[in-house]
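The values are calculated or read from the model by the stated rules, or taken from the named source; none is laboratory data. Everything quoted here is computed from the prediction, not taken from an experiment. Note: ideal-geometry Cβ built from the backbone for every residue, glycine included; neighbour counts use all protein chains shown. For accessibility, only protein heavy atoms count, side chains too; no ligands or nucleic acids. Shrake-Rupley method; radii C 1.70, N 1.55, O 1.52, S 1.80 Å.
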Amino acid sequence: MRTAALPSGRGPPRSERWMSIRTNEELDPNEGPGFGCFIWQAVLFAGILLLIPVGLFTFGWPVWVLVVLLCIDMFLLFFVSMTSVFLLRVFFADRRRGRGRSLGAAHPPTRVVTTESPDEPDATDDGPGEAE
């Protein structure tokens, strides 16, 4: 049984629905989850995480209920972590935009002088108003 090989340089046809990998492009904060979504996920995650030991030690819930709560919590942990990574990338990409080299002319270097400047009048000078 022999399969036909694809011609070299040609791969299987791709549809437009394939997710493309975009590297070094600007992130669009409107395309992903927002901060409110992250807050709701984090509050729900923390609530279920605190409910597990309370249900075990105080209410005496059966073990299968606690296992289901733990599985839901691990599922939420995945989404909380992915949302936080997205929000951090958007935040730091926005901060990075204001830094770095500019396209205009460079600023002249700053010089720090540690001696007294000649502009300051000494106690021995008569002052600028008194000319002889």
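In the range 68-127, which residues are modelled with pLDDT under 90, open to solvent by 80 Å² or more (accessible area, probe 1.4 Å) and not in a loop (DSSP other than H, G, I, E, B)?
LEU88, ARG89, PHE91, PHE92, ASP94, ARG95, ARG96
Go through the range 26-75 and count every residue that is touching a Leu at 6+ places or on another chain (Cβ under 8 Å) and more than 19 Å from ARG89 (Cα to Cα).
Total meeting the criteria: 10.
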